[in-house]
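Undergrad: My structure is below; once you've seen it, I'll send some questions.
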Amino acid sequence: MKTKNAFVDKKMLTRAIRDSFVKLNPKTQLDNPVMFLVYVSAILTTGLWIFSLFGLKDAPSSYTLAIAIILWFTCLFANFAEAIAEGRGKAQADSLRAAKKDVEAYRIASIDRKDQITTVSSSILKKGDLVLVKAGQQIPGDGEVIEGAASVDESAITGESAPVIREAGGDRSAVTGGTMVLSDWIVVQITSEAGQSFLDKMIAMVEGAARKKTPNEIALQIFLIALSIIFILVTMSLYTYSIFSAKQAGIDNPTSVTTLVALLVCLAPTTIGALLSAIGIAGMSRLNQANVLAMSGRAIEAAGDVDILMLDKTGTITLGNRQATAFIPVDGVSEQELADAAQLSSLADETPEGRSVVILAKEKFNIRERNLTDQKMNFIPFTAKTRMSGVDYAGNEIRKGAAQAIREYIENAGGVYSEQCDQIVQEIARVGGTPLVVAKNHQVLGVIHLKDIIKQGVQEKFADLRKMGIKTIMITGDNPMTAAAIAAEAGVDDFLAEATPEGKLSMIRDFQAKGHLVAMTGDGTNDAPALAQADVAVAMNTGTQAAKEAGNMVDLDSSPTKLIDIVRIGKQLLMTRGSLTTFSIANDVAKYFAIIPALFTGLYPGLAAMNIMGLHSPQSAVLSAIIYNALIIVALIPLALKGVKYREVPAGKLLSSNLFVYGLGGFIAPFIFVKLIDMLLVAFGLA
Amino acid sequence: MFATVMQYVLYLAFLIVLAIPLGAYIKKVMNGEKTFLSKILTPCETAVYKVMGVDSEEQMNWKKYAISVLIFSGIGFVFLFVLQLLQGVLPGNPQHLKGVNWDLALNTAISFITNTNWQAYAGESTLSYLTQAVGLTVQNFLSAATGIAVLFALIRGFIKVKADGLGSFWVDVTRIIIHILLPLNVVVSLLLVGGGVIQNFDGANSVALVEPIAVSQDGEILEDADINVSSNTVKVDGQVIEDAKIVTEQFVPMGPAASQVAIKMTGTNGGGFMGVNSAHPLENPSAFTNLIEMTSILLIPAALCFTFGSALKNKKQGVAIFTAMFICLVVAIACIGVSEQAGTQQLAQNGAVNISLVDQAGGNMEGKEARFGIASSSTWAAYTTAASNGSVNAMHDSFTPLGGMVTMLLMQVGEVIFGGVGCGLYGMLAFAILTVFIAGLMVGRTPEFLGKKIEPYEMKWAVLVCLTTPIVILVGSGIAAMIPEVSESLTNHGAHGFSELLYAFSSCGGNNGSAFAGFNSNTVFLNVSLGLAMLIARFVPIVGTLAIAGNLAKKKKIATTAGTLSTTNGMFIFLLIVVVLIVGALSFFPALALGPLAEFFSNLM
């Protein structure tokens, strides 16, 4: 899904221009009340122009025509902004659709009857159906691998070309329809009906079709509609005031309906109105570009509000893998004996830690890999519950795991836990290392010292987050002492040690009860409850189907640091809306100063003193203001798409700098540009 | 110059010094806590509950609270309306006044239940004593109490977490009247009586004039007349004026003025005991009474800011809102004061008239009382239009164009610069919600105010609360400008005539009640349209405020972090002022350009 970084390409531009006209459909226009007002105004002035051709007029025909044309362009510019924002998503959707073609699926009745294959179209697959997917075949729908293991090419959705392993059981069992099996075979149980698959959702999301207005957007729209209503009343009452004042002065009414319509459009918050949906779509699109798929726009906004980040230690704070650096034997056990047991118990351990133990054993004592099948070894895999792994062979039982887990394991078996080991464990933990205790036949042999390496630059990142009021919580399976040491080194605000899924869930609930909004990432099925509870829950794409369904975003890269990017994008989205609203409203001051004095100088010559821009004539003033009003939309499209500049500073600082740029800027800019346009109009003899 | 400035400073300092302790006292009353007056007053309160059958522990949800407000005001309206229609056959009518016309009765009834006290009737010659006493005066208390009660409900909305109840309207109204309005008015009345404001039950007096005057048949005073009282002849320039009348006695109204003036000021009502309100020497005889009356206008509205802060256990918040209002007030006073002091070049007549400050008030003294001068008149004008009081001690119609414009603008922003008792602050809090919404978006967070998230529901009602006044004024004045009979109500024409029209609708749309003198508003169209304006401007914001309160009470409180936008610092105060001004300015710039601004610039030419 990674697209080219080019801001817009030619194809997108052509499509956007075409769409700008398609969007003139009144039904589409009604979705955006502020722009609908401009739309109606454009129709009205066009009507006035047609009437004026038959002599029914209160302003010169050419002037009315000019206003009508500019108003139509204003509508088109707004449509264009939306179309160009959608363009990127549409391009992505096109490539996704290519992946989503109907394929033949080998449906089977049960795992035991893999030979009885019914060939059906992927579009008629139902939830619960079992399909066999062989090398070279496309996976026909979202599902869970229930048998087999295979390498899968998921580049169609992630953009990542390196194949990934998908296998039954564990946390890597989820497969996505539209991806390709490269080697081996798997049996997949379908988990979604046709049309509701992940790919379908993804297409709808990136295209913006499923985009619902978020609460913030609705609240802003209420505000903009209210302003528009006020301005409708302002212009309508101005018409009667003008008649009243002109009658009192005994002159003709100086205002025409055309001018008042122009004034209305100038005053209405058209800048933000025109760009509002583009900002929302662009925010979503930026998230897509970060290879994160949000299941709703609401989730992105919530990301902006998050003030607690629960970050997994591994991969986010520390460089993914802890490395075994020393074997420390206890109670008279030799180092080699310990290394031997450690190596044995780690042979089947595919985790980086496990591998580093094997490597260390090889380096130190030249202990080679053994033939696993020979010795009838029974490997005990690590689970979150036991927090131990190990091996049973030839009557021996070797276990390695966290000190707490091994102690329970030994004491449950009636053994005595080594005192010396306890000291070493504490010593290692104190310096921030991870002690891994190895026991053989319920007796401690010694401790493996695993070292964590803190990622570069994380401290600065967390300090910045803290300045913004975001607390970082490190989640780790380590014991409290180890966790504390790493937490202190990395500069996180708090940590959850010896984390269990239940522990995470209750921590989230506690924070939420105190009024915080919590974001977390997760991948395992046991993360699902916590993911469902968190306000922003990012599921790893490599994770299980349950995790993906519980989360409200999916990170296609499965990168633990993504959470920080997501918060940034969420904040930027809201900031862009707020800043452009401020800009839009601040613009009105100058527009008043352009139009009102120009209109009424005939009635009250003294008002000429308020024509501080020195605009040429009433007509040139109105035209300049309304041309500015249309052009500013185009000028701000890049900003709407890219989002306003985001910095990690406290709220107060952010506010004052944005106010300075968009408030003061919005106040001053139109004075300059309206004057310039007026000078140009006069120079070209257009007014 | 220095002395003049010090006068303004003194007025403002006096206000702050009194408002702070009163704010703390009101907070106790709101929560039903013990005060130094509880011993005497709480038994009265309990008695009222017993008689009226009020459950003092009731917790109303916002709908029930709102319905109670509407029923309460509705009963007041019907009573007042019928009372006026029937006053001709009711006792307490020694002057034998007829029943009031339906349109005027309607307008007056609305005017008093909405705390506006717009007086379309001609003072003493329209309403009987009974109507004044049991109708208007009672409503002066009740409408003021209603406004404060609604504010209490809103404050509770901010405080409560995941709750439904906002307190009981009946309890709030009873407590406000018994614990706040009655004691305060006793004190203010006594001070006013001490200062020489009349307080008696005598009939009107007649006193002999020091020097008789002569008037022509149509009531015009004959200047430089040579009057011979014994022969009953009047000569002007040696010519005998046949139908001239000699006046030797003056009609002096009497009555319980001080007590009514007290609630007129403290309840931001503003309906004067005398026709010319507090410009009358018996209603406001001296600089001392002027200070008491003027300060009373803003006393409760200012105190409520501190009540708000202390009830929230966030005193800074109260101070921040107060500061925003105070800055606006000071700027308004400065604008009016400077404009009035400078006068206009037309007044100075190229130096032929001395309008300087030396040994005199100087400036534009037209329509102002000599005993008050520029500073007291300007301060009063700002106070009375900042609060939705509407009483006057000088005629705003005669202010300079810019001075008059500021009074109009203060009303047009929705009476939130202190504003009416209770309603000013809840209006301002609605503006605060708009402010945090914009500001919150700009820092990339869902806006929140005092720990409560601001979502579409709050925005919808906050926008309505803030924009009702501008909408009512624009629609009302826009229609009125098209009605030919309205032009005939104007005493001036051109830009100033338009200002009179705009002022009338601004005053009713802001529930203020003051008028640009000379505008005859007692016509069917104006009575009904201004009546509607007052009604909408009062009750739409009340319902909106209660809806917000109800919804906020249901929400949980969000934790404060460094990412939370401070709503107590200078930046927030600045933004709040800007939002209030922008809404006011954007809504009324064209109207003001055709009225006071046109007049101002024409004067310069």
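The values are calculated or read from the model by the stated rules, or taken from the named source; none is laboratory data. Fair warning: this is a prediction, and the values are worked out from it, not measured in the lab. Note: ideal-geometry Cβ built from the backbone for every residue, glycine included; neighbour counts use all protein chains shown. Accessible surface areas use protein heavy atoms only, side chains included; no ligands, DNA or RNA. Shrake-Rupley method; radii C 1.70, N 1.55, O 1.52, S 1.80 Å.
Undergrad: How many partner chain Cβ atoms sit within 10 Å of a residue's Cβ in peptide B:471-481, on average, as a whole number?
TA: Mean number of neighbouring Cβ atoms from other chains: 5.
Undergrad: Another question, if that's okay. With only alpha-carbon atoms in the gyration tensor, what are the semi-axes of the equivalent ellipsoid for chain A, in Å, largest first?
TA: After scaling each eigenvalue by five and taking roots: 66, 30, 17 Å.
Undergrad: Do you know the relative contact order of region B:205-252, to the nearest whole percent, from alpha carbon pairs under 8 angstrom that are 6+ apart?
TA: It comes to 47 percent, rounded to a whole number.
Undergrad: Taking a 1.4 Å probe, which of A:Arg407, A:Arg647 shows the most accessible area, and what order do the others take after it?
TA: Order by accessible area, largest first: A:Arg647, A:Arg407.
Undergrad: Next question. Apply the Karplus curve 6.51 cos²θ - 1.76 cosθ + 1.60, θ = phi - 60°, to the phi angles in region B:577-589 and return the couplings in whole Hz, x for Gly and Pro.
TA: 4, 4, 4, 4, 5, 5, 4, x, 5, 5, 6, 10, 4
Undergrad: Also, I was wondering about something else. Could you tell me the total accessible area buried at the A-B interface, probe 1.4 Å, in square angstrom to the nearest hundred?
TA: 5200
Undergrad: Sort out for me the Cα centre separation of region A:237-301 from region B:531-605, rounded to whole Å.
TA: So the separation of the two Cα centres works out to 20 Å.
Undergrad: Which of the three applies to region A:224-269, rounded, prolate or oblate, going by the alpha-carbon gyration tensor with a ≥ b ≥ c and a/c under 1.5 meaning rounded?
TA: Prolate is the answer for region A:224-269, as a/c is 1.5 or above and a/b outweighs b/c.
Undergrad: Let me ask you something else. Around A:Val444, which amide H atoms from residues at least 5 apart in sequence, or from another chain, sit under 5 Å from its own amide H, with H modelled in the peptide plane?
TA: Amide H neighbours of A:Val444, under 5 Å, 5+ apart: A:Ser418.
Undergrad: Taking region B:240-290 on its own, what percent of its Cα-Cα pair distances exceed 19 Å?
TA: 39
Undergrad: Taking each residue in B:488-499, count the Cβ atoms of any other chain within 10 Å of its Cβ, then average. What number comes out?
TA: The shielding value for this peptide is 2.
Undergrad: Which aspartates and glutamates, if any, have their Cα less than 12 Å from the Cα of A:Lys440, not counting same-chain residues under 8 positions apart?
TA: Excluding near neighbours in sequence, the set is A:Glu337, A:Asp340, A:Asp392, A:Glu397.
Undergrad: Once every Cα of region A:271-370 carries one equal point scatterer and solvent is ignored, give the base-10 log of I(q)/I(0) from the Debye formula at q = 0.11, 0.14, 0.23 Å⁻¹, two decimals.
TA: Treating every Cα as an identical point scatterer, log10 I(q)/I(0) equals -0.59, -0.69, -1.17.
Undergrad: Return one quarter of the surface area of the convex hull spanned by the alpha-carbon atoms of region B:205-252, equal to its mean projected area, in nm².
TA: Reported value for the Cα convex hull: 3.5 nm².
Undergrad: Please give the direction-averaged projected area of the C-alpha convex hull for region B:424-547, in square nanometres with one decimal.
TA: With the hull built on Cα positions only, its mean projection is 8.7 nm².
Undergrad: Using only the Cα atoms of region B:434-498, construct the convex hull and provide its projected area averaged over every direction, in square nanometres to one decimal.
TA: Orientation-averaged projected area of the Cα hull: 6.8 nm².
Undergrad: On to the next question. I need the semi-axes of the equivalent ellipsoid of region A:1-125: take the C-alpha gyration tensor, multiply each eigenvalue by 5, square-root it, list largest first in whole angstrom.
TA: 53, 17, 10
Undergrad: Taking chain B as the reference, fit the longest principal axis to its C-alpha atoms, fit the long axis of helix B:287-311 to the helix C-alpha atoms, and give the angle between the two in degrees, 0 to 90, nearest 10.
TA: Long axis of B:287-311 versus the principal axis of chain B: about 10 degrees.
Undergrad: Also, I was wondering about something else. Would you mind checking the tilt of helix B:373-386 against the longest principal axis of the Cα atoms of chain B, expressed as 0 to 90 degrees and rounded to 10?
TA: That helix lies at roughly 40 degrees to the long axis.
Undergrad: The protein assembly as shown: percent of C-alpha pairs farther apart than 47 Å?
TA: Tail fraction, whole percent: 49.
Undergrad: On to the next question. For a bin width of 10 Å, list the pair-distance distribution of region B:362-426 built from all Cα-Cα distances, rounded to whole %.
TA: 24, 51, 21, 4
Undergrad: Working with all protein chains in place, sort A:Lys90, B:Lys460, B:Lys555 by solvent-accessible area computed with a 1.4 Å probe, largest first.
TA: B:Lys460, A:Lys90, B:Lys555
Undergrad: Something else about it: When the Kirkwood radius is taken over all Cα pairs of region A:443-532, what Stokes-Einstein diffusion coefficient follows at 25 °C and 0.890 mPa s, in µm²/s?
TA: Roughly 168 µm²/s, to the nearest whole number.
Undergrad: Follow-up question, since we're still on this one. In the P(r) worked out for region A:231-302, what percent of Cα pairs fall beyond 19 Å?
TA: Of the Cα pairs, 57 percent sit more than 19 Å apart.
Undergrad: Placing one identical point scatterer on every Cα of region B:555-605 and ignoring solvent, what is log10 I(q)/I(0) from the Debye formula at q = 0.13, 0.22, 0.30 Å⁻¹?
TA: Rounded to two decimals, the profile gives -0.56, -0.86, -1.02.
Undergrad: With runs of 4+ DSSP H residues as the only contributors, calculate the mean residue ellipticity of the protein assembly as shown at 222 nm using -39,500 (n - 2.57) per run, divided by the residue total and rounded to the nearest 500.
TA: It lands at -18000 deg cm²/dmol.
Undergrad: Still on this model: Could you work out the mean count of beta carbons from other protein chains within 10 Å of each residue's beta carbon in A:219-228?
TA: 6
Undergrad: Cα-Cα over 19 Å: which of B:Lys34/B:Lys316; B:Lys453/B:Lys556; B:Lys313/B:Lys452; B:Lys452/B:Lys554; A:Lys653/B:Lys452?
TA: B:Lys34/B:Lys316; A:Lys653/B:Lys452
Undergrad: Something else: Probe 1.4 Å, all protein chains in place: accessible area of B:Met442 in Å², nearest 10?
TA: Near enough 0 Å² of accessible area.
Undergrad: For region A:247-395, calculate the relative contact order in percent as a whole number, restricting contacts to Cα pairs under 8 Å that are 6 or more residues apart.
TA: Averaging sequence separation for qualifying contacts and normalising by length gives 12 percent for region A:247-395.
Undergrad: Would you give the gap between the C-alpha center of region A:46-115 and the C-alpha center of region A:329-352, rounded to a whole Å?
TA: 65
Undergrad: For the pairs A:Lys591/A:Lys675; A:Lys57/A:Lys591; B:Lys28/B:Lys64; A:Lys461/A:Lys562; A:Lys571/A:Lys645, flag any whose C-alpha to C-alpha distance is greater than 20 Å.
TA: Check vs 20 Å cut-off fails for A:Lys57/A:Lys591; B:Lys28/B:Lys64.
Undergrad: Hey, another quick one. Going by accessible area, probe 1.4 Å, with all protein chains left in place, what is the ranking of B:Lys556, A:Lys514, A:Lys571, largest first?
TA: A:Lys514, B:Lys556, A:Lys571
Undergrad: Compute the Rg/Rh shape ratio of chain B: radius of gyration over Kirkwood radius, all on alpha-carbon atoms.
TA: Taking Rh as the inverse mean 1/r over Cα pairs, Rg/Rh reads 0.98.
Undergrad: Please report how far the C-alpha centroid of region B:1-69 lies from that of region B:450-507, rounded to the nearest whole angstrom.
TA: 30
Undergrad: Here is a follow-up. Determine the principal axes of the Cα atoms in region A:479-519, then give the extent along each, sorted from largest to smallest and rounded to whole angstroms.
TA: Cα spread of region A:479-519 along its principal axes, largest to smallest: 28, 20, 14 Å.
Undergrad: Once you keep just the Cα pairs under 8 angstrom separated by 6 or more residues, what percentage relative contact order results for chain A?
TA: Computed value for chain A: 14 percent relative contact order.
Undergrad: In degrees between 0 and 90, to the nearest 10, how far off the longest principal axis of chain A does helix A:403-412 point, with axes built from Cα atoms?
TA: 40
Undergrad: Mind ordering B:58-65, B:449-456, A:470-477, B:503-510 by average Cβ neighbours within 10 Å, highest first?
TA: B:503-510, A:470-477, B:449-456, B:58-65
Undergrad: Using the C-alpha gyration tensor of region A:67-201, what are the square roots of 5 times its eigenvalues, in whole angstrom, with the largest one first?
TA: 40, 16, 11
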